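Student: Pasting a structure below so you can have a look.
Every number here is computed from the coordinates shown, using simple stated rules; none is lab data. Computed from a predicted structure; not experimentally measured. Backbone-built Cβ (ideal geometry, glycine too); neighbour counts: all protein chains shown.
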Amino acid sequence: MVSKSEEIGAMFLFSDEPEDYQKSRWPFVNYMKKKLKVGIWDAEKKRQALVQKSGHYRVKYSGIKNRRTRFLQDLYVTLIDLKWRYAIAILFNVYLATYFMFAVFWYWLMHNHGDFDHVNDPDWKSCVDGVHDFGNAFLFSIETQTTIGYGFAYPNTDCDGTILLTFLQVTVGIFLENMLLGFMFMKFAQPKRRGKTLMFSKHACVNHEDGVLCLQVRIGDMRQSHLVDAKVHGVLVKKRITEEGKTYPLYLHSLDFEANDMGDKIVLMWPMVLSHKITESSPLWNIRPSDLTNEKYEIIIYAEGTLESTGEFCQARTSYLPCELLWGHRFDRIEQFDAGNGRWEVDFSGFNDVVYNSNIRHSAKELSDFKRRTKCKQEKPPRPPSPLKSVTYDLPPEYPAVLPASEHENVDYHRPLSGFAVLHRLSNPEIDASSEATDDTVIERDLGEGGTVDERDLGEGGTVDERDLGDGGTVETHSSDEESYGDAEETCKSIDKDQDTIE
C-alpha cells in the first residue's frame, strides 16, 4: 500500500500492515486492542530482530538462580523499570494495605479495651470516640494517615496505646508518601523517554557518496530543545567463526558513522543523514545485495546525548535487517527555504522518502577491485614505436621484383628459395653481407633449398653465423650478451615461400 502523497521522482516506502487491516477511529479502542493483542498487526514479530524499532531489546534471559531475590535487593530500580500498569497497581495496593493494616490495629486496640461492649454507655470512655465497628475503624485509619480529620472520630489519650499507634501510622504514612512520590516522579522523568521524540528512518540506504560506497541512515529530533554533545555510533551483529573453529553467533563489529564533516558528533537542529563509509576496515566490505537471503546480520544504531533541560544522559537506538537496506537509493530532500517567512522549513511527512540513484549489485570490495583495474588500464603508458626498420636487399634473378601479368602463370611459386638473410638496423647498415669485418660481421652461406638460418650474437664482435639446419627455414636468435643485443638490435626473418610476402 503506497502512500497517498506519492509524487513523481520519489519512491515512498511500503507499509508493514496488510491491506485488510482496519483501524478504529477511536484511539482508546485501538489502544485496548494493542494491549490485549486482539486484531492487531504486530510488525515486530515479522522482523525477528534483536532490537525493535522502538529500541527495546528482544533477548530473553533464562537459567538465572535466585532471580527474584536479586531483583528485590535492587528494589528501587526494579520499581522504576516496571510497566506503568504495574506501577499504578503497586501505588494503590500499598496505600490500601497500610490503611487496612492500621484499621486492624485500631480495631484490635478498641476490642481489648472493651469499647464494643459499651457502645451505648454514655459513661464509658472509648479509645476512639465515634468508632463502633470495623468500617468506622477503617475510615478513621484513612483520616489519621492522610490528616483529613472530619471531626466525628478522634483518639482518647486516657486509653493506653492510642498515642503510640497514632505516631506509628503518621510516620509510616509520611515515609510511604515520600517514597512513592519519588517513585512516580522517576517514572515520569526517565531519560529514556526522551528517546521517543528522536526519529530514525524506517530503512537504511546504500549508495555512492564522493566515489565511496556508504551506508546512510536519517535521524531527526522533533523537539526544539535538542541534545547537548550528541554522538552516534553503530554496531554490526553477525556470526563469526575463528581460525580454531570457535563460533560466535552474535559477534559485534564496530561501525563508525559521521554526519557531514563533523565526525561522530551530531547537531539535530534539522534531520541529518548519518553515513558510514564502507572501506577495507569496514565489516560491510564483503556484503553484497544478493546476500539478503544468505547472510543473517543486524545493524544497530545508537544516538546518545545529554538532555538540555535536565542535564540527564539519554540514549536512543534502532536496528536494520538485511531486507531493510535499500541498495542504490538515497534519502530525498525534506528541508527547503521559506522565502515568505525568511526561514528554513522541514517537512517531516517525507522523513522516510527515498529516491532511486543507481543499480548496485556488487559489494564494496568488488567495486573497488574493478575501479583499480580500470585505473591501471588508463594509466598504462603506450608502447613505444618499434626501432626496427627494413633494409633493401637484392632478390635472386629467378624472382624479379615485378612481373608482367602475362608471366605470372610461368612462375613456380612453390619452389623453395635459396637461403639468405634479411638484415634489420645493424649498427652499420651499409655493411656488405658477404664481407668480413671486426664489428657486426655477417657471414651468409647458401646452404641449399632448405634455407634454415641459425643466428647467434657472439658478444662484442657481433658475428652472425647462418647455417642451414633443416628444411623448416627457421631463424633462431640466441643472445649471449643482453646489453650488446639491445644496442645492435639484430633480427632475422625467414622468407616465406609465397610471392605475396616478398614486396
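Student: Filter the trypsin sites (Lys or Arg not before Pro) in the stretch 52-116 to those in DSSP coil with at most 11 other Cβ atoms within 10 Å of their Cβ, and list the result. Present the calculation step by step, with values, prior to reporting the outcome.
Tutor: Working: sites: LYS53, ARG58, LYS60, LYS65, ARG67, ARG68, ARG70, LYS83, ARG85; in loops: LYS53, ARG58, LYS60, LYS65, LYS83.
Here the trypsin sites (Lys or Arg not before Pro) that fit, given the DSSP loop and packing criteria, are LYS60, LYS65, LYS83.
Student: What is the distance in Å between the Cα centroid of the stretch 118-154 and that of the stretch 270-291?
Tutor: Each part reduced to its Cα centre gives a spacing of 74 Å.
Student: Extending each Cα 7 Å along its Cβ direction at SER254 and MET186, get the distance between those two points in nm, one decimal.
Tutor: Rounded to a tenth, the inter-label distance reads 3.3 nm.
Student: What ³J(HN,Hα) values, in whole Hz, does the Karplus curve 6.51 cos²θ - 1.76 cosθ + 1.60 give for the stretch 136-145 when θ = phi - 60°, with x put for Gly and Pro?
Tutor: Values per residue, Gly and Pro as x: 5, 5, 5, 5, 5, 5, 5, 5, 5, 6 Hz.
Student: Taking the Cβ of each residue in ILE219, ILE334 as the centre, tally the other Cβ atoms inside 10 Å and list the residues starting with the fewest. Intermediate results must be reported in sequence, preceding the final value.
Tutor: On the way: ILE219 23, ILE334 18.
Ascending number of Cβ neighbours within 10 Å: ILE334, ILE219.
Student: For labels at GLU280 and SER54 in the simple 7 Å Cα→Cβ model, what's the distance in nm?
Tutor: That separation, rounded to one decimal, is 4.5 nm.
Student: Considering amide H positions built from the backbone, and no H for Pro or chain starts, which residues 5 or more places from ASP129, or on another chain, come under 5 Å of its amide H?
Tutor: It is TYR154, ASN156, by chain and number.
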